[in-house]
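The values are calculated or read from the model by the stated rules, or taken from the named source; none is laboratory data. Everything quoted here is computed from the prediction, not taken from an experiment. Note: accessible area is taken over every heavy atom of the protein model, side chains too, but ligands, DNA and RNA are not part of it. Shrake-Rupley method; radii C 1.70, N 1.55, O 1.52, S 1.80 Å.
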Amino acid sequence: MCMGFSCNAAGVAGCRIIDSPRERLLAILTNNFVPCNGRFPALLTLITLFFVGATNDTGGTVGGVSGAGSTLLSAVFLTGIILLGIGATFLVTRILSATILKGVPSSFTLELPPYRRPQIGKVIVRSVFDRTLFVLGRAAAVAAPAGMVIWLMANISIQGSSILAICARFLDPLGQWMGLDGVILMAFILGFPANEIVIPVMLMAYTAQGNLVETTNLLEMKELFLANGWTTVTALCTMVFFLMHWPCSTTLLTIKKETGSWRWTALAAILPTVLGIICCMGIHFAGLIF
């Protein structure tokens, strides 16, 4: 789980140390519930824009609370999101243990070998060739085609509307039920190669531009979101769906390699997505009532 906070693909690969095949599979299927470093920037951005005050580059104030306590409040919000993910991990693990992955819990013993001074050159070489290039290769295999798809959808128009806008309108009814909109859902789908591009895809769709958009002006970003119907509930639902949705492409490829099964890979994508949809709907309808 701790490795998943850095990268869920690394967390899935780290499950190899679990001897029990059943419990290894449980850990693999639930690793995506903790946010990786690709999701932290988006979570912090939304917390700053809608829940915590922060001073922008231009001297303006963004968010609902400002002052010296904003950093602490931001940490509290982010910690709450992380605890929600950990709670979801335990909940889903419990459900799976009682249903399709029943079995007797096993003990886990980790023997620490005698300490040896690390060989710096060997560590660097093995890290680069066995891990870094391995993960980057998997990411590039999906990221390059996905980048082309995003560009084509944003630049090819049908009857005056881009394919991206048409798809967003198609997804809008489901998005509204979840407290989101079609653009947000489309951004998550196109963000399948990497969670870092979800917000740039949203900005690209809202501004109807043909390239990914990234801005450091938080006031402008918030004004753009508000102009497209965002509320505090929308931001909260988006944060929850950032936490609970399908794994990125690299993580799914790693799950396929570790489990050797497309069935378990599909389940690893379906579980967080279904729970995320349920949570978003619950937050949305609670917001309508209260």
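Any chance you could look up the accessible area of CYS279 with a 1.4 Å probe, heavy atoms only, rounded to 10 Å²?
Estimated to the nearest 10 Å², CYS279 gives 40 Å².
For Cα Rg over 2.2 N^0.38 Å, several values are listed as (1) 0.96; (2) 1.09; (3) 1.03; flag the one computed from this structure.
(2)
Counting each DSSP H run of 4 or more residues in the chain as -39500 (n - 2.57), what helix-only mean residue ellipticity at 222 nm follows after dividing by all residues, to the nearest 500 deg cm²/dmol?
That calculation yields -20500 deg cm²/dmol at 222 nm.
For the chain, what are the DSSP H helices with axial Cα length of 24 Å or more and mean Kyte-Doolittle hydropathy of at least 0.0?
Qualifying helices: 70-98, 133-155, 262-289.
With an 8 Å cut-off on Cα pairs and a minimum separation of 6 or more residues, tell me the relative contact order of the chain in percent.
With pairs under 8 Å counted, the relative contact order is 22 percent.
Could you calculate the contour length gain from LYS257 to LEU212, that is, 0.36 nm times the residue separation minus the distance between their Cα atoms, to one decimal place in nm?
The LYS257-LEU212 span can extend by a further 13.1 nm.
So which of LYS122/LYS257; LYS102/LYS122; LYS122/LYS256 end up more than 32 Å apart by C-alpha?
In this structure, LYS102/LYS122 exceed 32 Å between Cα atoms.
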